């Protein structure tokens, strides 16, 4: 654990600073609960604009693709760290994994999952 | 280590990938040919399965076991997937959805079910189950423009995700106590653990595993998703859920619970028997009130799961053999019933039971076939369902659990009422005015022939499959 | 030893508080924020258990990717926010489905788990924990667990296709 002391100190400092700033602001101005305050986002575009325009579902597709490819990316970390120890076998394992995912990526691309328009 | 021992799964997954690549190349109007690609892939996978060793050898570092049971489940799931493919080609194209994606997901789901059934390690078992489940969630909601299909996909997903997490929690407790992921190692460690007082957490873990799998097979306190999922799913997928997805749950129970819980014997057979009686009774009684034929079949399949659980509760070799035979019979009769429903709904007919009025006049062949499948689900002699129930009852009596046999008999009597309702509507109710004769495609015809022949063959000459099922059930423990 | 215990207690309390606020927050965005806090707290607990690979995965996947999906889902939903001023816990406890039944069942589950955990002599790991566990995850993942690893890639492929199937519009292509 000692190898991570620097990280722990860094995280501690970040936590103290962030909590300190929000705490001070909270002290300075007591919030009142109003209709505007209970909106999903307290500023920016209103998420429930009545009959107004809605966000296209594409945002969600992007988020889902992100999750799937993020899971894929995780597998590369341990593989990269032990590349030499794993040898040809590890290379082949990862090649199969990557090719399967590449097929999925090609499908998403061809089906227009990456276009915006 | 070589991957040669999983050729059937590799072939099937590769066919799925080939299908989504072909999707781009093959023009929209020629996509019917993709059904042929999928069928050939499944047949190839089945041939590969037949050539795998079946001597109980472990492979891939103890991840999988190649015994007769593996062969049985591989062929069972492939047969189910094949029938689904045959009768979904027209159905999915008729709904204007992408056939390639549909068939690819069917291939992946079946691959997952096969991986699960041959697993000898809880990690690969769970990953196989998840591959099956995630593909099946998407398939249930595949008709994106139909609210019912969305509802089916959502409900199946929410319940399935809950079930998976309960199952995984249970597995983590078992791993915590035993420190093992291999199924036989877990069984061995549980025996040692029992003498040292580990068993509270181990029992809790195994209980959670059973609850999670109970959701997947729609056993009774956990069955509430089934009617909505069956009603809203594309009809081929309703068949897939009841045959392949539930069959995979049964396979997991045989692999996981029978082997790992064997050492903890005690009273779990009685508990499983109680679950079985509850499941068949609630399924049959609720089916009496259904007006939609897919919902009725959903409750009927809940009841069938109850019968299957009776064989698992007995737990003897004969009991497991009866379960396997029943699964084979169930494959043909349930798929047959759903195929008839799919051919009717492709022709624009509704899914209410009252829509079946006068079918005996409008389309005598389909009406005769549906009557055969219903008779088999009910258990009339000379059908597969009869031989299946007979062997379950025999196993229960010989296994010293005669009360289960009584439960099966009483429940069969209850189920006469709702199967009779459909038969009466088809044959005795007057033909509606604007009724048209029904047309069938070649693929649907092939699926109907296979399921009918299977249902009658297993009912009249059951010896071959009986032999296979008993052979597969011998070496489980 | 005691300093580790203090850190553990503080982290657990923070995580539990965040989890509690996920269920009780007035605003769905606040619930999402606390959910991120819960994920981060669990990551910190993994870290304390010297499972630093799991901690990193927890941060990247849950506090990162899953939270992105949650935030997008909130943005896409048209929902009415609760604007009442009755203290939430009074209101909640009265209702059978959102109040006392879940409370009773979760407390019961907790007590049962706690009793059986304390009752069980857990086996202790003989091997010393690794400093960089990512290196030690690699060998089993790519050797004895190679089959589940490759099946997982097919699973991710199925998930990619599923995402396209369920969200793409027909007129897009």
With criteria (1) surrounded by fewer than 17 Cβ atoms within 10 Å (Cβ to Cβ); (2) within 14 Å of chain C (Cβ to nearest Cβ); (3) not in a helix (DSSP H, G or I), residue B:21 comes up short on (3)
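Looking only at segment A:73-92, which residues are crowded, with 20+ Cβ neighbours inside 10 Å and touching a residue at least 12 places away in the same chain (Cβ under 8 Å)? Working first, answer last.
Taking segment A:73-92 first, the residues crowded, with 20+ Cβ neighbours inside 10 Å are A:75, A:78-79, A:86, A:90.
Passing the criteria: A:75, A:79.
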Within segment B:96-118, restricting to residues that are more than 9 Å from chain C (Cβ to nearest Cβ) and under 26 Å from residue B:187 (Cα atoms), the one that is surrounded by the most Cβ atoms within 10 Å (Cβ to Cβ) is B:113
Going through (1) more than 7 Å from every other protein chain (Cβ to nearest Cβ); (2) without any contact (Cβ under 8 Å) to a residue 24 or more places away in the chain one by one, residue B:168 fails only at (2)
So residue C:42, is it over 26 Å from residue A:59 (Cβ atoms), out of contact with any strand residue (DSSP E or B) (no Cβ under 6 Å at 6 or more places or on another chain), more than 10 Å from chain A (Cβ to nearest Cβ) and surrounded by fewer than 16 Cβ atoms within 10 Å (Cβ to Cβ):
no
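Could you say which residue among C:138, C:146, C:129, C:159 is out of contact with any strand residue (DSSP E or B) (no Cβ under 7 Å at 6 or more places or on another chain), under 29 Å from residue B:120 (Cβ atoms), away from chain B (no Cβ under 14 Å) and modelled with pLDDT of 80 or more?
Answer to the selection: C:138.
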Exercise. Within segment B:1-9, identify whether any single residue is buried (at least 21 other Cβ atoms within 10 Å of the Cβ), assigned to a helix (DSSP H, G or I) and within 14 Å of chain A (Cβ to nearest Cβ), and answer yes or no.
Key: yes
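Here are A:80, A:87: which of them is part of a helix (DSSP H, G or I), under 23 Å from the mean Cα position of the chain (by Cα), more than 8 Å from every other protein chain (Cβ to nearest Cβ) and modelled with pLDDT of 85 or more?
A:80
The values are calculated or read from the model by the stated rules, or taken from the named source; none is laboratory data. If you're wondering where the values come from, they're calculated on a predicted model, not measured in any experiment. Neighbour counts run over all protein chains shown; Cβ positions are idealised from the backbone, glycine included.
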